Amino acid sequence: MPPVVGADLSNHRQSWLTRAKLEAPRQQIALIDRPRLLTVLEHALTRRLCLVAAPAGFGKTTLLAQWRAELIKRDMSVAWLTLDEDDNETRQFLCYVIFSLSAAGVDTGRLLGLAEQGLLETPLQAALAATLEAIAQSPRHVVLMLDDYHRAETDEINNLLKRLVDNGPDNFTLIVNSRLRPTRSITQSLASGHAMEIGPESLRFSMAETRAAFDPLVSDSQLEMLFLRTEGWAMAIQLARLASAGDRAEGQVFGEFRGQSGLLASYLAEQVLTRLPEELQNFLMFSSICERFTASLANALTEREDAWDLLQQLEPLRALLVPLDGEWFRYHHLFADYLRDSLKRRHPSELKPLHLRASRWFEQNGLVPDAVRHARLAEDYDRCARLIENAGAWELILFGGIGYLSNLLRNIPDREMARFPRIQVARAYLAIKQGQILEGRRYLEDALANPTTAQAQADSTQGLGRDLLNVTAMQEVYEDRWTDEASLDRITRMINTTPDTDAVSRGVLLCSKIINYLALGRLEDAQETCQVATRAMRQGNSVLGINYCYLHSGIIALYGGKLRLAEANLWETQRMAEENFGADSGLKALADIMLNSQLFWAGEWKEDNFEKFQDALQYAELYDGWFEIFATALDVEMSAALLRQNLDAADTAIDRTQQLVDTRGGQRLGKIVEACRLAVALARQDDSTTRALAERLEASFPLECWKSQPQLWRPYQTVAPLLGLWTAQRDRARGLRILDDLVACCEHIRSDFYLIRALIARAQLLDLSGQRPAALTDLLSALTIAAPEKIRMPFRLARGLHPLLHAAQKKAREDGTDLVIMRFISTCLESATGADQRLAQAEAANIFSTREYEVLLELTHGHSNKEIARTLDLTEHTVKFHLRNIFVKLKVDKRTDAIAAATRLKLVPDTTRF
C-alpha cells in the first residue's frame, strides 16, 4: 500500500522554498575592514566547525558575509543559509542545507531533486550521508555558513549538526552563527579540538576599528567617550554613526549615551527613528512585521503605492536596511526588534490588520508558509486552516515533504484543531508517514467526530470528503483492518462513487483493494486489480503510484510461487524508486525487503543480502510498512535464524515485530509472532512454553478456519506446520489432518509458494508415520512445482529431509521424470543444509562415513534393511555391513539403542518428539 500516491509533483516542487535564505546579505555601506577577525577566521579552515556566538548587534553576520566574499575570490565553494523558526524540523533543515550547497556550486546530483520533494521517501541518515559524500567529491574546499542558527536550534537539529561535523570530510568547514551558544552536542566538538569559537569579546570593535567608522574630524576625546560607552558594540557604533549624521553636534550625541547596551540601542534607535517624517516612521514600523519584504509587500502593508520612493528616502539608514536576493530586503535584527516594539506601543490596534494584509499578499504570491504564519500572528486560525486546505492539505507532504506540512500545522494550536476536520485528516496522514499509526487513528476519529464531517462525507469528490476517502484507506491498510468481505464491499462502493477524473483517489482505493484481496487469499483478483490500479496511476501521472503497483505485483507473484515474475516486478520497483526518489528512498527500502526475500527463497541469498535486508527493514519498521512487508520479513528472518540454529537472532526478530504490533496494531501479525515463539520453544524443547502457546494457537486456528475466516489464511501458513508438528508428538493422525487442511488451504488460495512448504511438511510427517509412498508423492509434487521457479530454500530448511530426497530422486529416475526436475532434485540434495550440518558434525567427530550416516538417518525413520537398501540403491548385504559399523561406533548392539544414542548425541532428528 503506497503511503501516498498523489498527483504529479513537478508543478509543486520548490513552492515551499524561500530562496532568499540562500543568499548572504549585501551591504549598502562601506564596510569597516576587520583584518584582525578575518585572520582569526582563516584558522577555521583547518577545523571542522567554527562557532560564532554573541548577542545581537555584534556584527556577526556582516563579518561572515565579508569573509564569504573573500573566500569566493579564492575559488572556494561557500554556501550560505539564513535560518528561521520554520527550519527547526530536521528534514526541512537538511533540505535547505542541500539547496545552499547546490547554490554554492557543490554537485549534489539527484540529491537536489530529492530535497525539492522534501526528502519525502529518503531516510534522514541516508540523506545526510549522501550530502557528506557530495561535499567530499567536490574539488574545492566547501564552507557552509549557517546564519541565525539560534532560531532553528532544537535537540534534533543539534544532533544532526553534530553528525555533520563528526563525519565531515577534510575539505569541509561548518560555520555556525548564533546569538546563543548551542547545547552540549555542539559544544562537545569544541572540547574535542575539532572546533573553534569566536565570542563577543573577540567581536567587539577595537579603538582603531571605531575610529575607522567615523569622520576623521571627530576628535579623539569624543571617540574615546563613544568607545567607552559602547564598549565596542558594533550595533551601537553603527547607530551612533547614523545619529551623528544629522544636525545635532556629535559631542552632544556622544555625551548623551547612558545605560547598558540594550538601553543604549533603544536610545540610539529612538534618535534615528524620531528624526524621520511620520510617513517614513510608519513605513518602517509597518514593514517590520515581516522577516523580509519587497516594495510590493510594503505597499500592501502600508496601503500605499510609493514604497520604492520611500525606500529611496531611507538611504541614510542603509546600514540598517539589508538587501537580500532579488528585490527582497530585511532590517538589521536589532533594529527590526526595536521597530516591532515601537509598533506595539504606538499602534497596537494595527497589529492584526497588518498581519492579515501580509497573509493575503503572501497567499496571492504563492508563498503558503508565510501566508499561514501571518494568519497565525493575526490569530485568525480559520484562515490558517483554509490556507493549508486550499494548498492541498495532506497532499502537501508530496510537494514539500514531512517537514513542510509539519511546520504549517504548528501554526494552529492544539486547542483549535478540533474545529478543522480537514486539518485533523492532514495530521492523521502526517502521523502515518512518521510511523505513528495509532496516533493517526486518533486524529481521524477526531475529524469524524466533527459535526460538519457527516455532510462532507456525502460528497467524496472534493474537500474533506476526498481527504477522508484517501487517508482513511491508507490508515485502514496500515492498521491491517481491511481484511474481511465487509471491508471489500466498502472499498468497492467507494471506488464506484469516485469519478474517473479523480484518478489519484481511484488509484489509492484500488491499491487498498489489492491489499484486501491479498488478506482474503484472492490472488488472481488482486493481480487483476493491480493492472487496473496501474492504469489509474498512469492517468493521474503518479510515478510513485505506478511504482507501488509494481511492488504489489511482486508480492502477489511471490505468494503465487512465481519467483521469476516476482523478481522482475521487484527489480523494476527498485529501479524506478532509485531513479525517481533516490538510492536511499523509503520505497526502495520496501523493494529491497521483498527482493531480498525472493532471493532468499530461491536459495540465492548471499551474506551481504542480509545486511541490506536489515537496513531496509529498519526503515520500514520506523516509517512505511504494512502487513505483507512485515510478515514476509519475519518469515525470512526466522527461517534464516533457524537455518543457522541461532535462536537468539530469532528472539530478536520476534521481539522487534511484537513491538510493531504494539505500536501499529494488527491481529494477523500478532498471531504470526505468537507462532514464531512456538517455533523457538519447540527448537529449545521447552515443553511448558510449547504447550501453552500451542494450545492457544490451536484454539484460534481450528481445522478449516480459513474457510469461515479467509483472512486467517496467511497466518495459518506459519501456524499450521507448527501445530501439526506439536500435535503429532501425541497423535500423528491428528497432526496429519492439520497438514491435510493446510495443503487444502494452499490449493484453494492457489499459492504455490506456500503449497510447496505445506507438501514438504506433510511428506516428512507421512514418512515418519511409515507411509513412504504417500510421502514421496507429496515431496515429488512439491519438487515439480518448485523446479521451474527454482524455489530451493524450503527444501534446505526441512530438517532430516536428505533421505527422503534420495528416495524421491530414485523414484523420479524410475518414473522417467522430466530432466529439469531431476536436476532440481540434485541441487536440493547438494544444499540440504539440515542433513549436511549434522553430517558435518558426525564427520568432524570421526564417527561415520557419509554412507553410514545416510543409513543411520534411514534407520531413525524406522525403515527395514530392505527399505533402506531400496532407498539408497544398495544391497541388503551392504546395508547390514554399514549397520554393523554404526553399532560398533555407537557402542550398541541393537537398532533401537543405536537410534537412542544418535539422538542423545544430537546427530539425528529427535523422532521421539513426533
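The values are calculated or read from the model by the stated rules, or taken from the named source; none is laboratory data. Everything numeric in this text was worked out from a predicted model, so none of it was measured. Neighbour counts run over all protein chains shown; Cβ positions are idealised from the backbone, glycine included.
Leu464 meets the conditions (1) at pLDDT 90 or above; (2) in contact with a Lys or Arg (Cβ under 6 Å, 6 or more places away or on another chain) in every case but one. The failed one is (1).
Of the helices (runs of 4 or more DSSP H) lying entirely inside segment 614-714, the ones with 1 or more residues being in contact (Cβ under 8 Å) with a residue 40 or more places away in the chain and farther than 16 Å from Ser597 by Cα are found at 647-664, 667-684, 705-708.
Residues of segment 815-830 that are at pLDDT 85 or above and within 21 Å of Leu857 (Cβ to Cβ): Ile825, Ser826, Thr827, Cys828. Modelled with pLDDT under 90, surrounded by fewer than 20 Cβ atoms within 10 Å (Cβ to Cβ) and not assigned by TED's automatic domain parsing to the domain that holds Ile868, is that true of Gly770? Here the answer is yes, as Gly770 does meet what is asked.
If the condition is being without any contact (Cβ under 8 Å) to a residue 24 or more places away in the chain, in a helix (DSSP H, G or I) and surrounded by fewer than 23 Cβ atoms within 10 Å (Cβ to Cβ), then segment 496-535 contributes Asn496, Asp525, Glu528, Gln531, Val532, Thr534, Arg535.
Please specify each residue of segment 132-183 satisfying the condition of being assigned to a strand (DSSP E or B) and either without any contact (Cβ under 8 Å) to a residue 40 or more places away in the chain or among the hydroxyl-bearing types (Ser, Thr, Tyr) (or both). Show your work before the answer.
Residues of segment 132-183 assigned to a strand (DSSP E or B): 142-147, 172-178.
Passing the criteria: Thr173, Ser178.
Checking each residue in segment 739-774 for being closer than 22 Å to Cys828 by Cα, in a helix (DSSP H, G or I) and small (Gly, Ala, Ser) picks out Ala758, Ala761, Ala763, Ala774.
Just one of the listed residues (Thr108, Thr61, Thr90) is under 28 Å from Phe335 (Cβ atoms) and polar (S, T, N, Q), namely Thr61. Against the numbered list (1) free of Cβ contacts under 8 Å to residues at least 60 places away in the same chain; (2) surrounded by fewer than 18 Cβ atoms within 10 Å (Cβ to Cβ); (3) not in a helix (DSSP H, G or I), Ile412 comes up short only at (2). Condition check for Arg538 on (1) without any contact (Cβ under 8 Å) to a residue 40 or more places away in the chain; (2) surrounded by 21 or more Cβ atoms within 10 Å (Cβ to Cβ): one failure, at (2).
Which of the following residues is part of a helix (DSSP H, G or I), more than 18 Å from the chain's Cα centre (by Cα) and at pLDDT below 90: Gln455, Gln424?
Working: Gln424 fails: at pLDDT below 90.
From the options Gln455, Gln424, the qualifying one is Gln455.
Can you go through Asp584, Asp608, Asp592 and tell me which one is modelled with pLDDT under 90, assigned to a helix (DSSP H, G or I) and out of contact with any Asp or Glu (no Cβ under 7 Å at 6 or more places or on another chain)? Show your work before the answer.
Details: Asp584 fails: assigned to a helix (DSSP H, G or I); Asp592 fails: modelled with pLDDT under 90.
Going through Asp584, Asp608, Asp592 in turn, just one is modelled with pLDDT under 90, assigned to a helix (DSSP H, G or I) and out of contact with any Asp or Glu (no Cβ under 7 Å at 6 or more places or on another chain): Asp608.
For segment 562-575, the set of residues classified as touching a Phe, Trp or Tyr at 6+ places or on another chain (Cβ under 7 Å), under 27 Å from Leu119 (Cα atoms) and buried (at least 19 other Cβ atoms within 10 Å of the Cβ) consists of Asn569, Thr573, listed by residue number.
Against the numbered list (1) over 18 Å from Gln658 (Cβ atoms); (2) modelled with pLDDT under 95; (3) under 37 Å from the mean Cα position of the chain (by Cα), Thr689 comes up short only at (1). Select from segment 254-291 the residues that are at pLDDT below 80 and crowded, with 20+ Cβ neighbours inside 10 Å and write down the one among them that is farthest from Glu305 (Cα to Cα). Once the filter is applied, the top-ranked residue is Phe254. Taken over segment 774-817, the criterion of being of a type outside the set (S, T, N, Q), surrounded by fewer than 20 Cβ atoms within 10 Å (Cβ to Cβ), touching a Lys or Arg at 6+ places or on another chain (Cβ under 9 Å) and free of Cβ contacts under 8 Å to residues at least 40 places away in the same chain is satisfied by Ala774, Pro788.
Just checking, does segment 775-790 include any residue being of a type in the set (Gly, Ala, Ser), outside any helix (DSSP H, G or I) and out of contact with any Gly (no Cβ under 6 Å at 6 or more places or on another chain)?
Just the residues of segment 775-790 that are of a type in the set (Gly, Ala, Ser), to begin with: 775, 781-782, 786-787.
If we keep only those that are outside any helix (DSSP H, G or I) too, we end up with none.
No, that holds for no residue.
Of the residues Leu94, Leu120, Leu128, Leu114, the single one that is surrounded by fewer than 22 Cβ atoms within 10 Å (Cβ to Cβ), of a type in the set (A, V, I, L, M, F, W, C), outside any strand (DSSP E or B) and assigned by TED's automatic domain parsing to the domain that holds His43 is Leu128.
Among the residues of segment 401-443, the ones that are farther than 24 Å from Asn88 by Cα and in contact with a Leu (Cβ under 8 Å, 6 or more places away or on another chain) come to 2 in all.
Can you run down the residue pairs with Cβ atoms below 6 Å, 6 or more apart or on separate chains, where the first is in segment 353-379 and under 16 Å from Arg292 (Cβ atoms) and the partner is in a loop (DSSP other than H, G, I, E, B) and β-branched (Val, Ile, Thr)? Final answer for the pair search is Leu354/Ile289. Inside segment 463-483, residues that are in a helix (DSSP H, G or I) and over 23 Å from the mean Cα position of the chain (by Cα) make up a count of 6.
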